[in-house]
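The values are calculated or read from the model by the stated rules, or taken from the named source; none is laboratory data. All values derive from a computational prediction rather than experimental measurement. Counting neighbours? That spans all protein chains shown, and the Cβs are built from the backbone with ideal geometry, glycine included. SASA here: full protein model, heavy atoms, side chains in, ligands and nucleic acids out. Shrake-Rupley method; radii C 1.70, N 1.55, O 1.52, S 1.80 Å.
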Amino acid sequence: MAFEGLADRLQNTMAKIRGKGKVNEADVKEMMREVRLALLEADVNFKVVKDFIKRVSERAVGQEVMKSLTPGQQVIKVVKEELTELMGGEQSQIAVSNRPPTVIMMVGLQGAGKTTTTGKLANLLRKKHNRSPLLVAADIYRPAAIKQLETLGKQLSMPVFSLGDKVSPVEIAKQALEFAKKEHHDYVLIDTAGRLHIDEELMGELKDVKELSKPDEIFLVVDAMTGQDAVNVADSFNEQLGLTGVVLTKLDGDTRGGAALSIRSVTNTPIKFIGLGEKLDALEAFHPERMASRILGMGDVLTLIEKAQANVDAEKVKELEQKMRTQSFTLDDFLDQLGQVRNMGPLEDLLGMLPGANKIKGLKNMQVDEKQIGHVEAIIRSMTKVEKEQPEIINASRKKRIAKGSGTSVQEVNRLIKQFDDMKKMMKQMTNMTKGKKKGLGMKFPFM
Ligand SMILES: Nc1nc2c(ncn2[C@@H]2O[C@H](COP(=O)(O)OP(=O)(O)OP(=O)(O)O)[C@@H](O)[C@H]2O)c(=O)[nH]1
Ligand SMILES: [Mg+2]
């Protein structure tokens, strides 16, 4: 998981000061020494660390903290606010041109994730913002580049504009814009070529494309794993092209986090999106406050709720609620619900968003047992329709058959039936409690 070392160290440091009734300057100094080390170890830019420590120290020994009733917690609040500020404060929005199409140019070094991110961004623009993007293949140098974008376009059922690799990127951009206007695309995403290092020729060409297409956004795509290098790259691209935003990719890997914490202060360019995987839906808007919260172990409940809302079918939830109330909830419904929770992403990631999750003993090293969930699904699938509706008829020989059919054991079948039984009892109690109230259980979340 990204930020793990930093999160661990900061959380340990914060834990020491949290409950303190009195905080003196020596406490703050000692704490700042640890925070400083944690940040440097996470590969945060040296100067950024220095400024950060200075700001937090000043505030932490100031009136607002010392005079408060809970100084320990106030210090933590200051750290969180400054971390948020460091990453850009407010979440920044993606531009919308008042003379469509809105043009976005994707730039960056080789292999940073430009082409993949172009696809992901188009997907997000359509899904979340109801837009109709055009993908433009302006990387004429890497042999398979055009094909790669076309493949993404196919997966997304989105058009890709290409003129092959014999036409200059500037000309491609020009014709793509005309095409987009004609076809009423409201966003144009230009995928450009990467280089191993920043070179004059690359910059010259990007400047020409910029000149012609007058982009509303120039996004630098950088690989978070490259740490300090990412910051240097961002600095030079910004100087030459004037970036409007950064997309930090590969945050699903175990990056130490330095780039995420340094880029904004060094380049004065906000991180707008983060890439969290290779799939086309693995792109999220970057929220500085939520990220600070996650790093400090305060959880990211907002993202969790958004994920639930995006992936859980509201109609189905209503239907389930109805079934629970009328006690007609079956193992099939249970299976359905399991599926909805899984849609939200790997359980491990979801748990990571809960406050204090990485302080819960055992959770951190526990591979959340997706396999066990798979077993539960297999067991239910091996039951007949009647068995799913009336599990009480499942006798010893049926259990044996189900265990065999699902590749599990009779114990596991027993456990599931018992759990389901307990759950029904609980539902009954809850229904009795809320009887007479119109709103029923008021359950919004799938539970497990
Ligand atoms: N794990 C992970 N992999 C990613 C992410 N974004 C991109 N990748 C992978 O990184 C590799 C390079 O991605 P591309 O999109 O081809 O990178 P590019 O910048 O277009 O590369 P060039 O066109 O060669 O300059 C691919 O294997 C992607 O699947 C991410 O957020 N997480
Ligand atoms: Mg590419």
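For (1) within 23 Å of residue 265 (Cα to Cα); (2) more than 16 Å from ligand 1 (Cβ to nearest atom); (3) open to solvent by 30 Å² or more (accessible area, probe 1.4 Å); (4) more than 25 Å from the chain's Cα centre (by Cα), each residue gets a yes or a no:
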{"site": "66", "(1), (2), (3), (4)": "no, yes, yes, yes"}
{"site": "72", "(1), (2), (3), (4)": "no, yes, no, yes"}
{"site": "88", "(1), (2), (3), (4)": "yes, yes, no, no"}
{"site": "108", "(1), (2), (3), (4)": "yes, no, no, no"}
{"site": "152", "(1), (2), (3), (4)": "no, no, no, no"}
{"site": "169", "(1), (2), (3), (4)": "no, no, no, yes"}
remark   = Log entry, pairs with first residue in region 137-150 being without any contact (Cβ under 8 Å) to a residue 60 or more places away in the chain, second being among the polar types (S, T, N, Q) and more than 10 Å from ligand 1 (Cβ to nearest atom), beta carbons closer than 8 Å, six or more apart or on different chains, reads 137/162; 140/168; 146/162; 149/162; 150/162
inquiry  = Suppose we filter region 88-117 for residues that are within 16 Å of ligand 2 (Cβ to nearest atom) and among the polar types (S, T, N, Q); how many remain?
reply    = 4
query = What residue, of 227, 242, is free of Cβ contacts under 8 Å to residues at least 40 places away in the same chain and either more than 16 Å from ligand 2 (Cβ to nearest atom) or surrounded by fewer than 18 Cβ atoms within 10 Å (Cβ to Cβ) (or both)?
reply = 242
request  = Inspect all residues belonging to region 166-175 and state whether any of them is within 11 Å of ligand 2 (Cβ to nearest atom), under 25 Å from residue 272 (Cβ atoms), not acidic (Asp, Glu) and not in a loop (DSSP other than H, G, I, E, B).
outcome  = no
key: Criterion (touching a residue at least 12 places away in the same chain (Cβ under 8 Å), within 17 Å of residue 118 (Cβ to Cβ) and in contact with a Phe, Trp or Tyr (Cβ under 6 Å, 6 or more places away or on another chain)) met by exactly one of 222, 247   = 247
message = So residue 25 ticks every box in (1) more than 18 Å from residue 292 (Cα to Cα); (2) modelled with pLDDT of 90 or more but one. Which box is left unticked?
response = (2)
query = Looking at (1) within 23 Å of residue 3 (Cα to Cα); (2) open to solvent by 10 Å² or more (accessible area, probe 1.4 Å); (3) not aromatic (Phe, Trp, Tyr), can you tell me which one residue 14 breaks?
reply = (2)
query = within 16 Å of ligand 1 (Cβ to nearest atom) and aromatic (Phe, Trp, Tyr) - does that describe any residue in region 237-249?
reply = yes
task = Name the one entry in 47, 114 that is within 16 Å of ligand 1 (Cβ to nearest atom), of a type in the set (D, E, K, R) and at pLDDT 90 or above.
result = 114
task = Residue by residue through region 118-135, note down the ones that are within 18 Å of residue 108 (Cα to Cα), among the aliphatic types (A, V, I, L, M) and away from ligand 2 (no atom under 12 Å from the Cβ).
result = 121, 122
note = Taking region 176-210 and keeping residues assigned to a helix (DSSP H, G or I), within 16 Å of ligand 1 (Cβ to nearest atom) and in contact with a Phe, Trp or Tyr (Cβ under 6 Å, 6 or more places away or on another chain) leaves none
inquiry  = Every residue in region 201-248 that is within 17 Å of residue 261 (Cβ to Cβ) and of a type in the set (Val, Ile, Thr), please.
reply    = 222, 226, 231, 233, 246, 247
request  = State which residue is surrounded by the fewest Cβ atoms within 10 Å (Cβ to Cβ) when the search covers only region 133-150 and only residues that are near ligand 1 (Cβ under 9 Å from one of its atoms) and part of a helix (DSSP H, G or I).
outcome  = 148
task = With the condition kept exactly as written, say whether any residue in region 125-132 is buried (at least 16 other Cβ atoms within 10 Å of the Cβ) and either at pLDDT below 95 or within 13 Å of ligand 1 (Cβ to nearest atom) (or both).
result = no
request  = Report, by residue number, each residue of region 182-203 that is open to solvent by less than 60 Å² (accessible area, probe 1.4 Å) and within 16 Å of ligand 2 (Cβ to nearest atom).
outcome  = 189, 190, 191, 192, 193, 194, 195, 202
task = For region 54-61, state whether one or more residues are under 25 Å from residue 306 (Cβ atoms), modelled with pLDDT of 90 or more and either within 16 Å of ligand 1 (Cβ to nearest atom) or surrounded by fewer than 15 Cβ atoms within 10 Å (Cβ to Cβ) (or both).
result = no
key: Filter result for the condition that a residue is within 15 Å of ligand 1 (Cβ to nearest atom) and closer than 21 Å to residue 45 by Cβ, over 266, 221   = 221
